[in-house]
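Rule-based calculations on the coordinates, nothing more; no lab input. Because the structure is a prediction, the values reported are computed rather than measured. Using ideal geometry, Cβ is built from the backbone for each residue, glycine included, and neighbour counts are taken over all protein chains shown.
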Amino acid sequence: MHPYTTDMYEGMLAETIMLPGHSGEIINAYYARPLGPGPFPGVVLIHHMPGWDELYREFTRKFAHHGYLAISPNIYFRFGHASPDDMSAKVRGSGGVPDASVVGDIDGSARYLKSLPLSNGKVGVFGTCSGGRQAFLVACRTKTFDAAVNCWGGNVVQPKEKLTPAQPVAPIDYTKDLSCPLLGLFGEEDKNPTPENVRQLEEELKKYGKNYDFTMYPGAGHGFFYYPSVAYRPEAAVDGWKKMFTFFEKYLGTPGRER
Amino acid sequence: MCTGIVETAEVSGSGKGPEGWFKLEQVNVSYDHPVDAAFEHALNIDFVNPKEGPGARVAVELNPNSARKLVEAILTALARGEK
């Protein structure tokens, strides 16, 4: 890895774009990329349950800063438009975003990245909270991704009484179809997923001989990357980002900033 | 925690949001992430009118003890008023 030095040129483009998501329906997405001809690996970011918010824009730009084509689609697009927290409340009160549309929107976003002349042809997926669950789900339901990161995704292990019309199948039941290496970052004090839930997923991954790497952080709960909240745990967050960039570099190729 | 726990009820009344007063049609009560309150999880109450869009919302985020106090206060006020 070639670390950043202060004499390097650096530039980024970040903007809202439209792209075809689930069933070819047009949705909006926040897209950030390093300036330059590439080729760059890509990452699709799945926003958390609290919405398509400022934090996810920051995360998207962070990936671009590290040399990735980064895109965060608005998976709440079909529910309308308002402030991110009002949209989150609307989706929550409507029974949640359907798994089928999430898989279609994330797959569409990856295909969009791969279609760009800047792409190196490899795309990873990253999500936190509900987005962690969905990152695992989409890595099982499609063959579009080269690497997946599940950060504290709750309800991957979903007992029958917790299944809903929007979430009709527990993602763990799709484990045999996982199509790429998986990195998992979890907190020991999290109540969903609990360490026991994580162990159950790990057992299933072992059963099917999948390539995975899980870290369980002591002293951390749910959402330990979220620096604006009380859940933030700096040591776990710093280590988690480092692990993630190392993982993506291994499976997606050298990011652009190092050129 | 990312629970997805939500209970919904039809309600009738008015609420005051950023655009002024509006008719309430529904209340969504969830036990999940707050947006603003400094807790890892909270009892969130959203009074909404889906016909007027996602912005027609009066929101509160309470810690569980505060939510219980609210329930008691509501029941006490109702009992006194409906004697």
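Listed values, structure above:
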item	result
Neighbour cut-off at most 15 other Cβ (10 Å), DSSP loop, GluC sites (Glu not before Pro), the stretch A:1-82	A:Glu10, A:Glu25
Shape call, the stretch A:130-190: gyration tensor on alpha carbons, a/c limit 1.5	oblate
Cα gyration tensor category, rounded, prolate or oblate, for the stretch A:103-241 with a/c compared to 1.5	oblate
Alpha-carbon Debye profile of the protein assembly as shown, log10 I(q)/I(0) at 0.10, 0.12, 0.14 Å⁻¹	-0.61, -0.85, -1.13
Inter-centroid distance (Cα atoms) of the stretch A:223-240 relative to the stretch A:97-118, Å	27 Å
For the stretch A:213-227, Karplus couplings with θ = phi - 60° (6.51, -1.76, 1.60), whole Hz, Gly/Pro x	9, 10, 10, 10, 8, x, x, 10, x, 8, x, 6, 8, 7, 5
Neighbouring partner chain Cβ atoms per residue of B:10-23, average, 10 Å criterion	0
Helix-only [θ]222 nm of chain B, DSSP H runs n ≥ 4, -39500 (n - 2.57) each, per residue, nearest 500	-7500 deg cm²/dmol
Against the rule of thumb 2.2 N^0.38 Å, how large the Cα Rg of the stretch A:26-112 comes out	1.11
Within a Gaussian network of chain A (alpha carbon springs, distance under 10 Å), most fluctuating of A:Pro41, A:Pro50, A:Pro159	A:Pro159
About the Cα centre, charge dipole magnitude for the stretch B:5-81 (Lys/Arg +1, Asp/Glu -1 at Cβ), debye	340 debye
Counting DSSP beta bridges with both ends in the protein assembly as shown, the antiparallel % (nearest 5)	60 percent
Shielding score for A:222-229, defined as the mean number of other chain Cβ atoms within 10 Å	3
Tail fraction, Cα-Cα pairs, the stretch A:69-127, threshold 16 Å, whole percent	50 percent
Average beta-carbon neighbours from other chains, 10 Å sphere, peptide B:54-63	4
Choice from B:Glu61, B:Glu19, B:Glu40 showing the highest fluctuation, given a GNM over chain B with Cα pairs closer than 10 Å	B:Glu19
Given A:Lys206/A:Lys243; A:Lys162/B:Lys16; A:Lys206/A:Lys242; A:Lys162/A:Lys207; A:Lys62/A:Lys207, the pairs whose alpha carbons are separated by over 29 Å	A:Lys162/B:Lys16; A:Lys62/A:Lys207
Packing-based ranking, highest mean first, of A:180-187, A:228-235 given that Cβ atoms within 10 Å are counted	A:180-187, A:228-235
R0 of 35 Å, Cβ-Cβ distance A:Thr246-B:Asn65: FRET efficiency to nearest 0.05	0.25
Among A:Thr60, A:Thr16, A:Thr215, residue whose mean-square fluctuation peaks in a GNM of chain A (springs only between Cα atoms under 10 Å)	A:Thr16
For chain A, calculated [θ]222 nm from helices alone, where every DSSP H run of n ≥ 4 adds -39500 (n - 2.57)	-10500 deg cm²/dmol
Estimated dipole of chain A in Debye, rounded to 20 [Cβ of Lys and Arg +1, of Asp and Glu -1, Cα centre]	520 debye
Karplus-derived 3J(HN,Hα), 6.51/-1.76/1.60, for each residue of the stretch A:194-209, Hz, glycine and proline x	6, x, 5, 4, 5, 4, 4, 5, 4, 4, 5, 5, 5, 4, 9, x
Among beta bridges that DSSP assigns inside the stretch A:13-122, antiparallel share in %, nearest 5	75 percent
Column: log10 I(q)/I(0), Debye, Cα scatterers of the stretch B:5-81, q = 0.11, 0.25, 0.28 Å⁻¹	-0.31, -1.21, -1.25
Gyration tensor verdict on the stretch A:178-259 (Cα atoms; rounded if a/c is under 1.5, prolate if a/b is larger than b/c, oblate otherwise)	oblate
